[in-house]
Structure formats: structure tokens, C-alpha cells
Amino acid sequence: MSFLWRWLKRGVLALLVALLLLALPVIRNETMCRGTPQPQDHTPIVSQTRDESRTFTTYPEWHIVHAYADYARVIASGDPDDFRFLQAIGGFWSSLCPLTEMADAHGGFTSESKATIYTIGVSFTLELMLKAAYEETLGRVATWLRGPDHSPIDRLSAQQAADYAAFLQQTPWYRWDFTTDAQALDDAATGVFRDRERQFALGVEYRAKAAYARAIAGAVAATGQDELTLRAVVTGLPEPQLATIPGVTVIQRRPEGFEIETPRYRELTTILQHITDEGGQIIEIAGNDDILLTAITNGPADLGAIFTFPLQGSREMRHLIVVKVPELASRLRELDLAHARLEHIHDY
């Protein structure tokens with residue numbers, strides 16, 4: 001009995017230490033990352049507005065999307081243990097500090113947004129730490145036994161990772177069919193050791209995610225989904241030309257320009273780039289005049305970013321840039337001159 005009690009105490013202590021380590025980034029952000037509120041200098045043109053601070057608080061979720069894309073790129077030619085899990089975790093929490101300061105300055109980092117971001121941040125950290133613990137030990141041994149060439153399931157899992165990363169560009173993660181991926185592993189497995197190891201390890205991961213996804217989907221259905229469209233005001237293009245842009249609905253003409261409705265998320269980036277390419281100018285988005293965008297360069301570059309860090313699996317760098325909405329079109333054109341490419345415009 002004393003033996004069991006001793007190991008129970010050790011287990012409880014280990015759990016408490018793990019919980020403390022997971023909580024440390026949250027505590028740091030709460031105590032060390034604060035911004036100074038700025039007076040609002042913009043009167044919304046449209047009536048359908050969204051909180052301006054949300055342009056900054058949407059990035060952490062996209063960091064996770066980008067991390068999955070990095071992972072897919074790495075394992076396309078390498079192995080999971082080549083992925084720098086701690087770098088991906090560190091990028092999430094390090095970028096959150098300047099983003100918190102910017103959100104505080106532009107209307108405030110709401111408690112609801114904090115709860116969401118801290119929850120996904122801790123979940124992301126735990127997921128990658130568990131994955132690293134396996135891939136850096138037993139997974140690495142399995143690659144040694146396999147040899148330099150990928151097995152059939154190595155190639156399949158790389159394709160699954162790439163498809164999943166692409167899916168996340170426009171659709172919430174919990175809608176992905178992890179169960180089908182797990183079944184695909186079972187169907188494709190050969191008798192080689194690496195395939196059996198991948199079938200087991202990834203099968204456990206996929207089925208656990210499938211169960212978690214069902215729980216999240218149920219919670220979202222109970223609370224209601226966020227709006228999928230927003231309103232913007234643009235000028236510089238005639239109404240017939242605007243109406244031909246896929247995804248754009250012209251609502252009405254205003255003194256400041258045309259009020260349009262567009263989808264949010266990834267589609268919005270494509271639409272705003274299209275408007276810019278045709279010579280248009282964006283005056284306001286969802287009642288706001290400040291917005292965050294990310295741009296990619298092939299190596300270091302001075303783009304006036306609030307945060308910059310490297311992508312994995314390439315020599316490229318990601319830059320988080322804050323710009324005034326009326327200056328967005330000109331800034332997008334400047335990116336081309338700076339040999340940078342637009343990655344994503346973060347809506348509200």
C-alpha cells in the first residue's frame with residue numbers, strides 16, 4: 001500500500017508540474033504584455049461593425065494553421081523528428097505578446113478572446129509536446145530501422161498533412177474527417193515495420209482528434225457560429241467592375257465609395273488583393289481603419305513588422321505588419337517592390 005501511495009503522490013506532483021509549465025506562457029502574457037489604449041480616431045461608415053482588436057487576436061489561430069503547413073512541408077521530404085516542435089510553440093506565445101499590446105491599444109483584448117486564445121494555445125502546446133516526446137524518441141528509432149527511404153505510410157501521412165493544412169485555410173479544424181484518415185492508414189499499411197509503427201502512432205492521434213473534434217463541433221453548434229461575411233467600403237472602381245469580382249456583393253453607393261459585402265477568412269485576402277490589382281482602394285473594413293496582415297520574404301527584410309520569425313522547411317520569413325486600412329492598397333503594391341508576397345489579411 002505504501003508503494004502505491006508513493007507512486008500516486010509522484011504522479012500527482014508530475015501532473016501539477018505539467019499544468020504549471022502549460023500555464024507559464026499564459027501567466028507571462030497576463031503580467032508582462034500590456035498596451036496603452038489609444039483614442040478612437042475613426043467614425044465607422046457602415047453599420048455592420050466588428051471589434052478592431054480582433055484583427056490582432058485572430059493571428060494566433062492562424063499561427064497554428066501555419067505550423068501545420070510547416071509540418072507538412074518538413075515531412076514531405078524529411079521525417080517528423082526534423083520538425084522543430086519547440087520553435088512552433090515558441091512562435092505562438094512570442095507573437096502573442098506584441099499582438100496583445102496592439103489589441104489593448106485598439107479597443108482592448110476582451111476576456112472572451114483571451115479565453116479562446118489561451119485555450120487553443122495550451123492545447124496546441126500540449127499536442128506538440130506529446131507529439132515531440134514520441135517522434136523524438138520511439139518515432140526516431142523507427143526511422144533509423146526503416147532507413148533513408150520513406151515507407152508507403154510515410155508518403156501517405158505527408159499527403160494527409162498537406163491536405164489538412166490546405167483545408168484549414170478556410171475551414172475550422174474540427175470539420176476535418178480524422179476518422180477517414182485513420183482508416184486510410186489501415187488500408188495502406190504494408191508489412192514493413194515503419195508502416196505498422198505509423199499505422200499505430202498516427203491512428204491513435206487521428207482517432208483522439210476525431211473524438212475531440214466531435215466535442216468541439218457540438219459546443220460550436222450549441223453556442224452559434226461566428227458571422228461568415230463582413231462589410232467594407234472601397235473606391236476607385238466602377239460598380240460593374242466591382243460586381244464581377246468573385247465573392248463581392250455591392251450593397252450601395254455611399255459618399256465615401258461603394259459598400260460591399262464579402263466572405264471572411266482566406267477568401268477576403270484574395271478579394272482585397274483583387275481589388276488592389278485592379279486599381280481600387282479600400283477605405284474601411286468592418287467599420288475599422290487599422291488591420292493586420294502577414295507577408296513572406298525569402299530571408300530577412302525590413303518591412304516595419306511588429307514580429308518576424310522563420311518558416312520551417314524553407315528559408316522564408318513571416319512578417320506581422322499593421323497598416324491603416326486606407327493605406328492597405330498602396331502597402332500591398334509596396335510588398336511587390338520589396339520582393340515580398342502577401343500571405344494573409346487578418347479580418348475581425
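The values are calculated or read from the model by the stated rules, or taken from the named source; none is laboratory data. What you see is a predicted model, and the numbers here were worked out from it, not measured in a lab. Cβ: placed from backbone, ideal geometry, glycine included. Neighbour counts: every protein chain shown.
Which of the residues belonging to the range 252-298 are hydroxyl-bearing (Ser, Thr, Tyr) and on the phi < 0 side of the Ramachandran plot?
If the condition is that a residue be hydroxyl-bearing (Ser, Thr, Tyr) and on the phi < 0 side of the Ramachandran plot, then THR262, THR269, THR270, THR276, THR294, THR297 are the ones that fit.
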Discussion item. Taking the criterion of being free of Cβ contacts under 8 Å to residues at least 12 places away in the same chain and not small (Gly, Ala, Ser), would at least one residue in the range 77-100 satisfy it?
Written reply: yes
Worksheet item: So which pairs qualify, if the first residue must be in the range 177-194 and aliphatic (A, V, I, L, M), the second must be part of a loop (DSSP other than H, G, I, E, B), the Cβ gap must be under 7 Å, and the two must be at least 6 apart or on different chains?
Response: VAL192/SER151
Item to complete: Look through the range 189-227, keep the residues that are assigned to a loop (DSSP other than H, G, I, E, B) and of a type in the set (A, V, I, L, M), and return whichever of them is surrounded by the fewest Cβ atoms within 10 Å (Cβ to Cβ).
Response: VAL192
Fill in: Some residue of the range 228-237 being modelled with pLDDT of 90 or more, surrounded by 15 or more Cβ atoms within 10 Å (Cβ to Cβ) and part of a helix (DSSP H, G or I)
no
Worksheet entry | Residues located in the range 156-176, provided they are farther than 24 Å from ASP187 by Cβ and of a type in the set (S, T, N, Q) | GLN169, GLN170, THR171
Fill in: Those residues of the range 264-293 which are buried (at least 18 other Cβ atoms within 10 Å of the Cβ) and touching a Gly at 6+ places or on another chain (Cβ under 7 Å), in sequence order
ILE271, GLY280, GLN281, ILE283
Worksheet item: Looking at LEU311, LEU303, which one is touching a strand residue (DSSP E or B) at 6+ places or on another chain (Cβ under 7 Å) and without any contact (Cβ under 8 Å) to a residue 60 or more places away in the chain?
Response: LEU303
Worksheet entry | Sole residue being at pLDDT 95 or above and either hydrophobic (A, V, I, L, M, F, W, C) or under 18 Å from the mean Cα position of the chain (by Cα) (or both), chosen from ALA338, ALA305, ALA301 | ALA305
Worksheet entry | Subset of the range 151-165 (residues that are out of contact with any Leu (no Cβ under 7 Å at 6 or more places or on another chain) and in contact (Cβ under 8 Å) with a residue 60 or more places away in the chain) | ASP154, ALA158, ALA161, ALA162, TYR164, ALA165
Worksheet item: Taking the condition buried (at least 21 other Cβ atoms within 10 Å of the Cβ) and assigned to a strand (DSSP E or B), does ILE251 pass?
Response: no
Practice prompt. May I ask you to verify whether VAL122 is assigned to a helix (DSSP H, G or I), in contact with a Gly (Cβ under 8 Å, 6 or more places away or on another chain) and surrounded by 14 or more Cβ atoms within 10 Å (Cβ to Cβ)?
Written response: no
Worksheet item: Taking ASP149, is it outside any loop (DSSP other than H, G, I, E, B) and not assigned by TED's automatic domain parsing to the domain that holds ARG266?
Response: no
